[in-house]
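The values are calculated or read from the model by the stated rules, or taken from the named source; none is laboratory data. Because the structure is a prediction, the values reported are computed rather than measured. A quick note on method: Cβ atoms are made from the backbone with ideal geometry, for glycine too, and the neighbour counts reach across all protein chains shown.
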Amino acid sequence: MSPPPEQDRRLGVVKPEPEPMIKLKVLDNEGRRVFHTMRMSDKLQAVMDAYYAKAPDVTYGSGTFMFDGSIRLRGSETPAEHGLQDDDVIDSYEDL
Amino acid sequence: MNPATPDLLPERRKRRFDAPPLPRRFDAPQSHGRPSQRRRRWPFSPLLPENFFAFDMGNFISGLFGGRRPKDDGLGFYKGWCDARSRDLTVITDEETGTGQHLLGRTTKDWSRKAALEAVKGSQRQKSEPFYKKALGEARRNDNRLEERGIKVRLEEERLAGIRKPYKAAEEDLSELFKPLTDEEEKEVHDCFHARGPSSKVLVLHEPSNIEVSKEKFQCLIPGRWLLNLYLELLKEREKREPKRFLKCHFFNTFFYKKLACGKNGYDYKSVKRWTTRRKLGYDLIECNKIFVPVHKDVHWCLAIINMKKNTFQYLDSLGGMDHNVLNMLARYIAEEVKDKSNEVIDTSSWQEDIVDDIPLQQNGWDCGMFMLKYIDFHSRGLSLSFRQKDMEYFRKRTAKEILKLRAD
């Protein structure tokens, strides 16, 4: 017995509409600016990867990403967890 | 002239210069004058050496040619020689002339000479000492300014004692600061420092700031920036927990100064503008009593303090250094910050740099981070910096305990 086709259609209707995209900016002490546009529920690792791609002299994984000066961001977290908004700036430091 | 005797009496003028000397006549005087007359004519002759004139002559010629001989050679020798002659004969012993044969006589003469020399020396010393002593004594008696100095010193000491009293009152609180760890805490800290297992194992995680401390970070001798930042967060929490016991302070983390001053374009206020929003902190910097800014200098940690109540800047370096550049940057920053956040204009150029001389200094090369944390800790309590290098071992353990418990006391 196959499920009725109406139900499938209804599921597709229930699907949430796509989240708004936010643009994040990464700044480091060398003066590099890296912009990345992502969804609120995406992993922050995407921003970090974009930064490492733009900064070849920074060893992958050695950077530290801070939001608002005191909150450390981790790749496994999402912008929603820290309340990041559009046009927010993330500071990047090379870890010592 | 008798021509018959030309050989016997030749004419003197015609004698050849190489002719043999004439035989002396026996009846003629053998020399000029008598011995007594001779002495009268040359009164110094027995005293002078035969080559007496050679002294100055030789010196004169060599002096003309700029010879290497010491200029004083002839004259000096002559003077020495005259001195030796004129010295008292008793002083010149047989030992000096090298002709002494009798041991007994020689030793007695030695003794007499030594005694004479010592007597001369002793009398000279005894004479010279009382002179300046007497002069000094007189100067002292005459100079009553010394007495005034003494009175001034006593007054100053009394004044200082009055100043020290409040400090001592504050020091009563130190018993809590140096409270020894309990055995359990000691064991816990020891386990963390020496436990086996992977070094990347996470020991504690501070939720609000998302700082995690792994064993690796925990074990390093110089507290890394994460440990410092975590401890600063803990200090802030402590202050919020007990606002009455601690001064209202703001603790910037270790990234602040780097972001503010060490960017590509030097000083940049915009990059840290968002760090201190009221929405985020819940207060404005202008309300704070003190603002602490850790300054990282390559491998060394220093601390800058902005005292908002006294309007002063302070720079504490546990190696005793000073950097006016840092304070100038902070003066610019705080002026812009207050203008931006509170819309007030303050003139930081008139603020004083409060230079403290007797801050505790580190005696080794790795305690700077710990010293910085303790400067912050003591200042946030409003205490004077009354700790020393020897306290660092305790402070290390205590800080480790506080980080493990995520609660600063």
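Are there any pairs with C-beta distances below 7 angstrom linking a residue in region A:71-96 that is free of Cβ contacts under 8 Å to residues at least 60 places away in the same chain to a residue that is exposed (fewer than 13 other Cβ atoms within 10 Å of the Cβ) and assigned to a loop (DSSP other than H, G, I, E, B), with the two at least 6 apart or on different chains, and if so which?
That search, which allows pairs on different chains as well, returns A:T78/A:S41; A:A80/A:S41; A:D95/A:S62.
Given the condition of a type in the set (V, I, T), at the interface with another protein chain (Cβ under 10 Å from one of its Cβ atoms) and in contact (Cβ under 8 Å) with a residue 60 or more places away in the chain, answer yes or no: does some residue in region B:274-282 qualify? Talk me through it step by step, then tell me what you get.
First pass over region B:274-282, keeping only residues of a type in the set (V, I, T): B:276-277.
Then drop every residue that is not at the interface with another protein chain (Cβ under 10 Å from one of its Cβ atoms), which leaves B:276-277.
Now restrict to residues that are in contact (Cβ under 8 Å) with a residue 60 or more places away in the chain: B:276-277.
Yes.
Within region A:26-96, considering only strands (runs of 3 or more DSSP E) that don't extend past its boundaries, which have at least 3 residues that are within 14 Å of chain B (Cβ to nearest Cβ)? Lay out the reasoning, then the answer.
Working: elements: A:33-39, A:63-67, A:71-73, A:88-94.
Of the strands (runs of 3 or more DSSP E) lying wholly inside region A:26-96, those with at least 3 residues that are within 14 Å of chain B (Cβ to nearest Cβ) span A:63-67, A:71-73, A:88-94.
Specify which of the listed residues (A:Y93, A:Y60) is modelled with pLDDT of 85 or more and either surrounded by 18 or more Cβ atoms within 10 Å (Cβ to Cβ) or among the aromatic types (F, W, Y) (or both). I'd like the intermediate steps shown before the answer.
On the way: A:Y93 fails: modelled with pLDDT of 85 or more.
Result: A:Y60 is the single residue among A:Y93, A:Y60 that is modelled with pLDDT of 85 or more and either surrounded by 18 or more Cβ atoms within 10 Å (Cβ to Cβ) or among the aromatic types (F, W, Y) (or both).
When you scan region B:231-239, do you find a residue that is at pLDDT below 85 and within 11 Å of chain A (Cβ to nearest Cβ), even just one?
Step one: of region B:231-239, the residues at pLDDT below 85 are none.
No - not one qualifying residue is present in region B:231-239.
For region B:203-221, name all the residues that are farther than 25 Å from B:E393 by Cβ, small (G, A, S) and free of Cβ contacts under 8 Å to residues at least 24 places away in the same chain.
none
For residues that are out of contact with any Lys or Arg (no Cβ under 8 Å at 6 or more places or on another chain) and either away from chain A (no Cβ under 14 Å) or closer than 19 Å to A:G69 by Cβ (or both), scanning just region B:206-220, find the one that is surrounded by the most Cβ atoms within 10 Å (Cβ to Cβ). Explain how you work it out, then say what you get.
Going through region B:206-220, the residues out of contact with any Lys or Arg (no Cβ under 8 Å at 6 or more places or on another chain) turn out to be B:206-208, B:212-213, B:216-220.
Then drop every residue that is not either away from chain A (no Cβ under 14 Å) or closer than 19 Å to A:G69 by Cβ (or both), which leaves B:206-208, B:212, B:218-219.
Details: B:H206: 19, B:E207: 8, B:P208: 10, B:E212: 16, B:F218: 23, B:Q219: 14.
Across region B:206-220, the extreme among qualifying residues is B:F218.
Which residues, counting only those in region B:251-265, are within 11 Å of chain A (Cβ to nearest Cβ) and either outside any loop (DSSP other than H, G, I, E, B) or over 25 Å from B:E337 (Cα atoms) (or both)? Talk me through it step by step, then tell me what you get.
Within region B:251-265, the first condition is being within 11 Å of chain A (Cβ to nearest Cβ), and the residues that meet it are B:251-256, B:258-265.
Those that are within 11 Å of chain A (Cβ to nearest Cβ) and either outside any loop (DSSP other than H, G, I, E, B) or over 25 Å from B:E337 (Cα atoms) (or both): B:F251, B:T254, B:F255, B:F256, B:K258, B:K259, B:L260, B:A261, B:G263.
Report, by residue number, each residue of region B:285-319 that is out of contact with any Cys (no Cβ under 8 Å at 6 or more places or on another chain), modelled with pLDDT of 85 or more and not in a strand (DSSP E or B).
Listed by number, the residues that qualify are B:L285, B:I286, B:E287, B:K309, B:K310, B:N311.
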